[in-house]
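What follows is one structure encoded as structure tokens, with my remarks underneath.
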2 protein chains.
Amino acid sequence: MLDTIKALAKKTDSKILMVVLDGIGGLPLELGGETELATAKTPNLDALAKQAQLGQVELVGAGITPGSGPGHLSLFGYDPLRFVVGRGALSAVGIGVKLGFGDVAVRGNFATLNAERMIDDRRAGRPSDEKNVEIVDKLRAAIPELNGVKVEIYTESEHRFVVVFRNPGTPLGANLSDVDPQATGVPPLIAEAHDEASQKTAELVNAFVVQAEAALKSETQVNGVLFRGYSDVPHFPSMGDVYGLRAACIASYPMYKGLASLVGMDVLEVEGHEDALEGKVAALQDSWDSYDFFYFHVKKTDSTGEDGDFHAKVHKIEAFDELLPQLLALGPDVIAIVGDHSTPSKLMSHSWHPVPLLIHSQYARKDAAQRYTEEEAQKGTLGLRRGTDVMPLLMANALKLQKYGA
Amino acid sequence: MLDTIKALAKKTDSKILMVVLDGIGGLPLELGGETELATAKTPNLDALAKQAQLGQVELVGAGITPGSGPGHLSLFGYDPLRFVVGRGALSAVGIGVKLGFGDVAVRGNFATLNAERMIDDRRAGRPSDEKNVEIVDKLRAAIPELNGVKVEIYTESEHRFVVVFRNPGTPLGANLSDVDPQATGVPPLIAEAHDEASQKTAELVNAFVVQAEAALKSETQVNGVLFRGYSDVPHFPSMGDVYGLRAACIASYPMYKGLASLVGMDVLEVEGHEDALEGKVAALQDSWDSYDFFYFHVKKTDSTGEDGDFHAKVHKIEAFDELLPQLLALGPDVIAIVGDHSTPSKLMSHSWHPVPLLIHSQYARKDAAQRYTEEEAQKGTLGLRRGTDVMPLLMANALKLQKYGA
């Protein structure tokens, strides 16, 4: 399909704004109740929905809970079952670290271990970014290299960090099992190589875990490390190449910036802390004339869901709604509101449920959907679709796709 | 997709109950009227539907009328265009006959032929099971072997029987045309081989037809045989292997038991005659602790449709509805109500129309569908889907699938 789209894509002056409300889909706390989206007061989204077409999107497939990487790749039009990117590579690219052939990037979580080395908290109480930097500095001093391989340690945010192993001459494999058991009350796992080339990587990872715990012995909360997602550098066709778009990313968390840069977007500077919504709007306004596709990421709709805080998620939705008029004031030819996956507060995790999709342009048909909610989206004329359908629909609504065949 | 599901599946204590109401989808007798499901009084299904998510399922593809084999395989998650199993193999396995490499199983119908050898009734007036046994005994005596090949003849039920040809040393092919013209007023067809390996099988089949008619000359109603569906033994990955499930089949008709055993389910004993609904409930109750997936089959919703008896189908739906509270009392974490195809009384046959799908779990969104009917199902948030989506959705709702990607 990418080849077909590439053959049909044409450059025009029209502008597309894709707003990704991370983890936006939800669930009612009690069966038959309302979701976070349906509970939120969203006058601006409601008004937009009345003039737009809605539908539901499954990012990977029926019943499949998407990670953020596959969820976003699907929205950008890349089949996530075909285009696979490890979280380590995403994180590394997102903090501006260039990966070369044979390098391996590993995504780490700081964790809290108890006296028996059992995991008490897989996120070490979500330390502040400052604490994260302090811990990373300790680790850098303690582990400059391992078995002759250079070790780079980078702070990401809160409990997240990234390690890059570079072994010039002998490429490292990235096919090994996780250290993170994704459970508490159990010890960290021993990484095991799934192929010959990853044998050395597994040794490095396991040695890192031991030395990091030794270096963090005096810490009470941030005293362990968990690894999950190892990756070498992937090569994808760029959005410029496929769609002929000058594409820009407006996001504040490293992973999303990393993903956007992997598909060839320019990653714009955003001022402010954490989700930095006002900074994102400013970045959008400042760069409006320079691009014809904007990926605008809102993170807190996901984090509040992961925290299991229904009302906080409702508030984050309402905060975005307040912002929406500033986005619309720029006059995008096409605006889409969508999510990369659902994160119901009830589940405190990503989920398989479809996300609502809203597409507004001059070429929308009227439909029965009156709000941007899960239930109303079902009434929309866009139907239930795969995430990879979104970009072709946006391109079409922007009149950027030629006719197929004569 | 099976590989992806297999990689994500995890074992948990949750239990899934998949109820297959055979041929459940219907049609109104007059355009604009109500279907069998909409006509039936189903207070228990209605109450469940209000708390569940609904959708529509196409088992094979748009406009494709599924046989029972492909319909069920699709529900169990096996793409029926890729996983092909002949009805003969299904029937043979269903009556406990083991097929080896090179054996061919053939599914037969007893038929009524007139004096000109034209087919009057393709089901010989649906003889009793006792009559079936009597006829099979006659045939066994008359045709112990053909051209040096061992012939095994098995009774199935009513007008159905199975023939297994075993030719040790030289495998038989199963690629030949049907004897059953699927029409009345015409004679049985001559089977024709579609490949070299099936040449001998075609000779055997055609010889069997001639000798069987000779042996049944004195019969007035059951005096001919029709063959449809030739198969060698298929090899599928088991549901245990793909989903990590301990899966059990609760069905009373041979074909469904055969199918379930082909995908690795344990086939439970069911007491009682024909559909034996109470016996099925007892089997479910007795084995509840031993499995985490149950396939619960209800047959009469299909047979009444095939008989063209609208009101009988309505009554069979109502009979299932009365039973439903006993199923719910077991407290399944996930319950699905679905069909393997539609069998509208108006058509007196399977049809291509989608079947309604209901999924109930703690992780259901509210939707506008208020009853388990074809029309209401369209209002459900599950949308219109392929049958192969059902198992991933059930696994997801049972929290038995890990996240895809980071």
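Tell me which residues, restricted to the range B:265-317, are among the β-branched types (Val, Ile, Thr) and closer than 12 Å to B:Ser345 by Cα. The answer is B:Thr301, B:Thr304, B:Val314.
Results for (1) under 19 Å from B:Ala52 (Cα atoms); (2) surrounded by 23 or more Cβ atoms within 10 Å (Cβ to Cβ); (3) assigned by TED's automatic domain parsing to the domain that holds B:Asp286, shown as yes or no for each residue.
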residue	(1), (2), (3)
B:Asp321	yes, no, yes
B:Gly331	yes, no, yes
B:Val334	yes, yes, yes
B:Gly339	yes, yes, yes
B:Ser351	no, no, yes
B:Leu357	yes, yes, yes
B:Gln362	yes, no, yes
B:Ala368	yes, no, yes
B:Tyr372	yes, yes, yes
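For beta carbons closer than 7 Å, sequence separation of 6+ or different chains, a first residue in the range B:304-323 that is farther than 23 Å from B:His159 by Cβ and a second that is among the charged types (D, E, K, R), the qualifying pairs are B:Val314/B:Glu36; B:Ile317/B:Glu36; B:Glu318/B:Lys41. Condition check for A:Thr4 on (1) more than 30 Å from A:Ile135 (Cα to Cα); (2) facing chain B (nearest Cβ under 10 Å); (3) among the polar types (S, T, N, Q); (4) part of a helix (DSSP H, G or I): one failure, at (2).
Kindly indicate whether any position in the range A:10-31 is modelled with pLDDT of 95 or more and on the phi > 0 side of the Ramachandran plot. Yes - at least one qualifying residue is present in the range A:10-31. Residues that are at positive phi and surrounded by fewer than 21 Cβ atoms within 10 Å (Cβ to Cβ) within the range B:62-98 comprise B:Gly63, B:Gly96, listed in sequence order. Selection within the range B:385-406: residues that are within 7 Å of chain A (Cβ to nearest Cβ) and more than 21 Å from B:Ser14 (Cβ to Cβ). The member of this set that is surrounded by the most Cβ atoms within 10 Å (Cβ to Cβ) is B:Gly405. I'd like to know if the range A:21-42 contains one or more residues that are touching a helix residue (DSSP H, G or I) at 6+ places or on another chain (Cβ under 6 Å), assigned to a helix (DSSP H, G or I) and among the polar types (S, T, N, Q). Yes, the range A:21-42 has at least one match. Counting only residues that are over 18 Å from the mean Cα position of the chain (by Cα) and aliphatic (A, V, I, L, M), the range A:322-349 holds 9 of them.
Conditions tested, residue by residue: (1) modelled with pLDDT of 95 or more; (2) assigned to a helix (DSSP H, G or I); (3) closer than 28 Å to B:Gly148 by Cα; (4) not assigned by TED's automatic domain parsing to the domain that holds B:Ser303.
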| position | (1), (2), (3), (4) |
| --- | --- |
| B:Val179 | yes, no, yes, yes |
| B:Leu204 | yes, yes, yes, yes |
| B:Ala214 | yes, yes, yes, yes |
| B:Gly240 | yes, yes, no, no |
| B:Leu245 | yes, no, no, no |
| B:Asp275 | no, no, no, no |
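Which pairs turn up if I take residues in the range A:20-37 that are within 12 Å of chain B (Cβ to nearest Cβ) and look for partners that are at pLDDT below 95 and buried (at least 24 other Cβ atoms within 10 Å of the Cβ) with beta carbon separation below 8 Å, at least 6 apart in sequence or on another chain? Pairs that qualify, where the first residue is within 12 Å of chain B (Cβ to nearest Cβ) and the partner is at pLDDT below 95 and buried (at least 24 other Cβ atoms within 10 Å of the Cβ), are A:Leu27/B:Arg365; A:Pro28/B:Arg365; A:Thr35/B:Arg365. Looking across the range B:195-243, the residues that are among the hydroxyl-bearing types (Ser, Thr, Tyr) and under 24 Å from B:Glu130 (Cβ atoms) come down to B:Ser218, B:Thr220.
When A:Gly229 is tested against (1) at pLDDT below 95; (2) surrounded by fewer than 21 Cβ atoms within 10 Å (Cβ to Cβ); (3) not hydroxyl-bearing (Ser, Thr, Tyr), only condition (2) is not met. Among the residues of the range A:49-61, some residue qualifies, meaning at least one is buried (at least 24 other Cβ atoms within 10 Å of the Cβ), in contact with a helix residue (DSSP H, G or I) (Cβ under 8 Å, 6 or more places away or on another chain) and either β-branched (Val, Ile, Thr) or facing another protein chain (nearest Cβ under 8 Å) (or both). Quick one: how many residues across the range B:174-193 are within 24 Å of the chain's Cα centre (by Cα), farther than 25 Å from B:Glu274 by Cβ and either free of Cβ contacts under 8 Å to residues at least 60 places away in the same chain or buried (at least 18 other Cβ atoms within 10 Å of the Cβ) (or both)? The total comes to 6.
Contact annotation: no residue pair with Cβ atoms under 6 Å, 6 or more positions apart or on different chains, pairs a residue in the range B:89-105 that is in the same structural domain as B:Gly67 (by TED's automatic domain parsing) with a partner that is among the hydroxyl-bearing types (Ser, Thr, Tyr) and part of a loop (DSSP other than H, G, I, E, B). Scanning the range B:347-389 for residues that are out of contact with any Pro (no Cβ under 6 Å at 6 or more places or on another chain), farther than 26 Å from A:Val60 by Cα and of a type in the set (S, T, N, Q) yields B:Ser349, B:Gln370, B:Thr373. For the range A:17-42, a tally of residues being out of contact with any Asp or Glu (no Cβ under 7 Å at 6 or more places or on another chain) and either surrounded by fewer than 21 Cβ atoms within 10 Å (Cβ to Cβ) or over 21 Å from B:Leu357 (Cβ atoms) (or both) returns 13. Among residues of the range B:280-299 being in contact (Cβ under 8 Å) with a residue 40 or more places away in the chain and assigned to a helix (DSSP H, G or I), the one that is farthest from B:Thr12 (Cα to Cα) is B:Val281.
The values are calculated or read from the model by the stated rules, or taken from the named source; none is laboratory data. All figures in this text were calculated on a predicted structure; none of them were measured in a lab. No Cβ is skipped: glycine too gets one built from the backbone with ideal geometry, and neighbour counts run over all protein chains shown.
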